[in-house]
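Here's the structure, in structure tokens; my notes come after.
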Amino acid sequence: MTNFRALPEVTPAQVAALEDLHRHFTLSTDKLHAIVKGFLAGMDRGLAKDGEELAMIPTFVQIRPTGQEKGTYMALDLGGTNLRVCEVTLKGSSQFSILQQKFTIPQHIKQSNARTFFDWIAECVSVFLTDHGRDTSSTTETIPLGFTFSFAVAQTSINRGTLIMWNKGFTAEGVVNRDVVHLLQDALLRKHLRVTVTALVNDTVGALMTSAFQNPSSVMGVIFGTGTNAAYYERLDRIPKWLKSDAAQQNPHHSDEMVINMEWGSFDNSKQVLPLTWFDNSVDRETQNPCMQVFEKMVSGLYLGEVTRKVLLYLIDCQLLFQGQSSTELNQTHSLDTAYMSTIVADETPELLDTQYTLESVLLIPATTLADRHIVKQVCMMLGLRSARLSGAAVASVMSARKDLLEAGICTVGIDGSMYEFYPRFEEYMREAIAEILGQQLTDNIVTTLAKDGSGVGAAIVAMIADKQKALASNNDNPIV
Ligand code: BGC
């Protein structure tokens, strides 16, 4: 355990509180193994039938990109905070270029209704086309578009799927249980835009496709950002619910594998395995979807700052921090952005001046002592470490399920998201946890890499795959293995 006693100016009571928190937030190797066991069982259940905690959604993506693909596609990436409209040109030789425009999604749009929501998206597409001189009114051709929609969707084909539930602060009415491609296509038609939605893609699938376009050994795409989730190539013979489905009868088998969107954020919604603390439960209870996305709420950027904020308030109320004084700012839900934690954890100045700035000038705490700042830094470190180790357990679970691939050689995992990209030492801690679970030798076979712009590029690649699968289906019925 960290020697909290060595921190400058801390009192014995503060040390005791830190030790207690450390006990609650630390994940031992045994606990990691228990989580992997739970994950593997949950994956099997989700692959066997619908409606399980881990949704394990077949994505209809069966082909692996080769990197030689060429073509220009539009992509829409609806993430947690922004909408990005992109034009992606796949140039072959694993090269691509991307032209993109970012629109911040206003709060009132997130909370509007289906028509307002999709009309706003279509308007952004229209602005992009106008700004970049891509007027579609004079052509008869339509532009193919891949739609990355970073929410849980039950897919019914490569370009069809109904929203299972909103999360991450989105509540627009009339979208749940409806086909989001239909809703988008109708909105594009209302604006007379000649754009056809040919692919519906989860952001994790986008990350996997982008990684695979650049590296053929890619087996898994992961997001550690506002939310968290993963997609991976699973063998068809391990997906009983797919084999039994009408969709499988109607769709030719393009290969012996399919990308599965796990929706791992909802792992352990029943709270049987994860070591939830009082703070986690308190955050969960105040969200739009209590007892849902339980794993995501312990790992991802949208919630990490909030759990940390709860811990700081607890220490304040115990008179162990900031002389018992909070601020109006810190009392606000979600005021402690996870990005501030990255700054604090990275602060190596002797007086912790970056931490002081964040606490006093951003969160408006009247005054902080050096001990206060060290305590805050330690709390942030504990929470970040826990998130990275839980992430490692999740990645290790998937790689255990695909041990056949891992034992055969390098497996690349394409990862995107702010936690992975910016949180200090996130990747190192995640890999340490993977090694504790799988052993160093197998861990050395796992290459983790940033799948930057995965959602945009990946959507374009899936739009291309949709064309390919369609052409293959109409040309011959023979499976390609
Ligand atoms: C959504 C997933 C998404 C993930 C990462 C989760 O909240 O349910 O579909 O992949 O966030 O963006």
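The values are calculated or read from the model by the stated rules, or taken from the named source; none is laboratory data. Model, not experiment: these values are computed from the prediction. Every residue, glycine among them, receives a Cβ derived from its backbone with ideal geometry; neighbour counts consider all protein chains shown.
Taking the stretch 398-458 and the helices (runs of 4 or more DSSP H) fully enclosed by it, the elements with 1 or more residues that are among the hydroxyl-bearing types (Ser, Thr, Tyr) are at 418-422, 426-438, 440-444. When the stretch 309-341 is filtered for residues that are under 26 Å from the mean Cα position of the chain (by Cα) and either at positive phi or of a type in the set (Val, Ile, Thr) (or both), the ones remaining, listed by number, are 311, 333, 334, 338. When the stretch 283-321 is filtered for residues that are touching a Ser or Thr at 6+ places or on another chain (Cβ under 9 Å), in a loop (DSSP other than H, G, I, E, B), more than 10 Å from the ligand (Cβ to nearest atom) and more than 19 Å from residue 21 (Cα to Cα), the ones remaining, listed by number, are 286, 288, 291.
Select, from 255, 270, 327, 245, the only residue that is within 30 Å of residue 160 (Cα to Cα), modelled with pLDDT of 95 or more, out of contact with any helix residue (DSSP H, G or I) (no Cβ under 7 Å at 6 or more places or on another chain) and away from the ligand (no atom under 13 Å from the Cβ). Can you show your working first?
On the way: 255 fails: modelled with pLDDT of 95 or more; 327 fails: within 30 Å of residue 160 (Cα to Cα); 245 fails: modelled with pLDDT of 95 or more.
Result of the check over 255, 270, 327, 245: 270.
Taking the listed residues 238, 194, 178, 190, the one that is over 21 Å from the mean Cα position of the chain (by Cα) and within 25 Å of residue 393 (Cα to Cα) is 238, with no other qualifying.
So which strands (runs of 3 or more DSSP E) stay within the stretch 135-212 end to end and still have 3 or more residues that are away from the ligand (no atom under 16 Å from the Cβ) and β-branched (Val, Ile, Thr)? It would help to see each step written out before you state the result.
Numbers: elements: 143-149, 152-157, 160-165, 195-201.
Answer list for the stretch 135-212: 195-201.
For the condition farther than 28 Å from residue 209 by Cβ, at pLDDT below 95 and out of contact with any Lys or Arg (no Cβ under 8 Å at 6 or more places or on another chain), what is the one hit in 130, 116?
Within the list 130, 116, the selection yields 130.
Of the candidates 19, 52, the single residue that is without any contact (Cβ under 8 Å) to a residue 40 or more places away in the chain and farther than 30 Å from residue 249 by Cα is 19. If we scan the stretch 394-406, do we find a residue that is at pLDDT 95 or above, basic (Lys, Arg) and buried (at least 17 other Cβ atoms within 10 Å of the Cβ)? Scanning the stretch 394-406, I find at least one residue that is at pLDDT 95 or above, basic (Lys, Arg) and buried (at least 17 other Cβ atoms within 10 Å of the Cβ), so the answer is yes.
Pairing each residue of the stretch 65-81 that is touching a residue at least 12 places away in the same chain (Cβ under 8 Å) and farther than 16 Å from residue 205 by Cα with any residue that is among the acidic types (Asp, Glu) and more than 16 Å from the ligand (Cβ to nearest atom), provided the two are 6+ apart or on different chains, yields C-beta distances under 9 Å for 71/467; 72/87; 73/87; 74/87. Residue pairs whose Cβ atoms lie under 6 Å apart, separated by 6 or more positions or on different chains, with the first residue in the stretch 162-177 and at positive phi and the second in a strand (DSSP E or B) and β-branched (Val, Ile, Thr), are 177/162.
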